[in-house]
1. Taking segment 64-92 only, how many residues are charged (D, E, K, R), under 19 Å from the mean Cα position of the chain (by Cα) and farther than 25 Å from M390 by Cα?
2. For segment 286-310, how many residues are in a helix (DSSP H, G or I) and of a type outside the set (G, A, S)?
3. Yes or no: segment 105-122 includes at least one residue that is touching a residue at least 60 places away in the same chain (Cβ under 8 Å), within 16 Å of ligand 2 (Cβ to nearest atom) and within 14 Å of the chain's Cα centre (by Cα).
4. Which number in (1) more than 16 Å from ligand 1 (Cβ to nearest atom); (2) surrounded by 24 or more Cβ atoms within 10 Å (Cβ to Cβ) marks the one condition that R179 misses?
5. Looking at R283, R313, can you tell me which residue is under 17 Å from S340 (Cα atoms), part of a strand (DSSP E or B) and more than 34 Å from the chain's Cα centre (by Cα)?
6. Keeping to segment 222-248, report how many residues are of a type in the set (A, V, I, L, M) and surrounded by fewer than 24 Cβ atoms within 10 Å (Cβ to Cβ).
7. T351 - would you say it is within 23 Å of G231 (Cβ to Cβ), among the hydroxyl-bearing types (S, T, Y) and modelled with pLDDT of 95 or more?
Amino acid sequence: MTSTVKDAIRRGRKTVEDVVEAGLNTVDAVVVKGRQTVESAVSLGRRTVEHTLLHGRSTMKAAILHGREDIRIEHVPVPEAAAGELVVRVGAALTCGTDLKVFRRGYHARMIVPPALFGHELAGTVVEAGEGVTGFATGERVVALNSAPCGECYFCARGQENLCDDLLFNNGAYAEFIRIPARIAAKNTLHVPDHVPLEHAALTEPLACAVHGFEDSHPRAGDTVAVIGGGPLGLMILHVAALAGYEVIAIVRHDGQADAARQLGAAHVVQATSIRKAIRETRRLTPNDRGVDIAIEAVGAPEAWEEAVELVRKGGTVNFFGGCAVGTHVNLDTNRIHYSDITLRATFHHTPAICRKALELIAGGRFQAAAFITGHAHLYELNRVFEKLMKRSSEIKTAIVP
Ligand SMILES: [Zn+2]
Ligand SMILES: [Zn+2]
């Protein structure tokens, strides 16, 4: 009996001791955990405050593409620059034919999958440079391109960086701030000279495509160049060719495009009611109706691709510059291509070297940058701007100012 009581007391004491010990452990753990939570909250708070001070606020307005003809201006966190990255306050973002296509189709196989930040032609001011960035500092004016090649694949090694297997694209220009990925910050972000307005510098990307398309057609002194299409890129290509001293024939549809083509240096403007007439009229502008030396298609339609082949002389060069919708096929006269010894090319995108050339052209003063920016609008008006562009107005590019 006595021993049973003693045992019970001993057991009881042990249980109490166990409970107390477990309790103490729990309290310790809670205190440690609590301290950690407080510390991490403080550090997070400090970082948020620092970030807010740096940018002036923690959220920004940005255009988010949700699908077909559905852009919404939303409040999203201001991006932060991780190692190697930049955050740029957008000074001007330009509308572009590619963005219009994306707006109309709701996606772009290679460049953008919704919901996503939108817009890719921009210039602005660096507000944050991530760890390890040496080329740029806060306050510097830059143009950040929409892509950068890997530098390591077969195509990059051959200097065809526009065809890089791992081309990195960046979108988000229609916003107050944009994050520039490390690779683009390192390879395809350029300082904007003081005398160049940011909205002119933002033309670097499309102009690089235009310069690439023109140079890739391998023009020779004295060549006559026909450019089909009076959109922003057609006009840019013809301006580049005219500035380089070539005789340019612009083939356009609308009166506004004809006026712009003349202003940008086209020697002749063909504004025919049908493709057959445009071919005849263009050929008539060359000796013995022989055809032009180079024809550059900048529409992105199969009829225009076929037209381009009919415009060139024997031994001439055709550049299918305008990308058509997926699955498009064309009918070409094989006899004409073979027996007239016609060179067919199709230039896509740009390379870092050509982007530098394009910015030099803009900064050089002869390039009429202002002629390409025919309107200004606030970020909130973006939907309206694209709807207007879909109606094929005389607007070339609109500068979106956030
Ligand atoms: Zn573009
Ligand atoms: Zn590559």
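1. So the count comes out to 2.
2. Result for segment 286-310: 10.
3. Checking segment 105-122: not a single residue is touching a residue at least 60 places away in the same chain (Cβ under 8 Å), within 16 Å of ligand 2 (Cβ to nearest atom) and within 14 Å of the chain's Cα centre (by Cα).
4. (2)
5. One residue alone meets the criteria, R313.
6. 3
7. Details: within 23 Å of G231 (Cβ to Cβ): yes; among the hydroxyl-bearing types (S, T, Y): yes; modelled with pLDDT of 95 or more: yes.
Against the criterion (within 23 Å of G231 (Cβ to Cβ), among the hydroxyl-bearing types (S, T, Y) and modelled with pLDDT of 95 or more), T351 qualifies.
Yes or no, residue by residue, for (1) more than 19 Å from G97 (Cβ to Cβ); (2) more than 23 Å from the chain's Cα centre (by Cα):
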position	(1), (2)
L198	yes, no
G213	no, no
H218	yes, yes
V225	yes, yes
G229	no, no
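The values are calculated or read from the model by the stated rules, or taken from the named source; none is laboratory data. What you are looking at is a predicted structure, and each value in this text was computed from that prediction instead of being measured. Glycine gets a Cβ as well: all are built from the backbone with ideal geometry, and neighbour counts include every protein chain shown.
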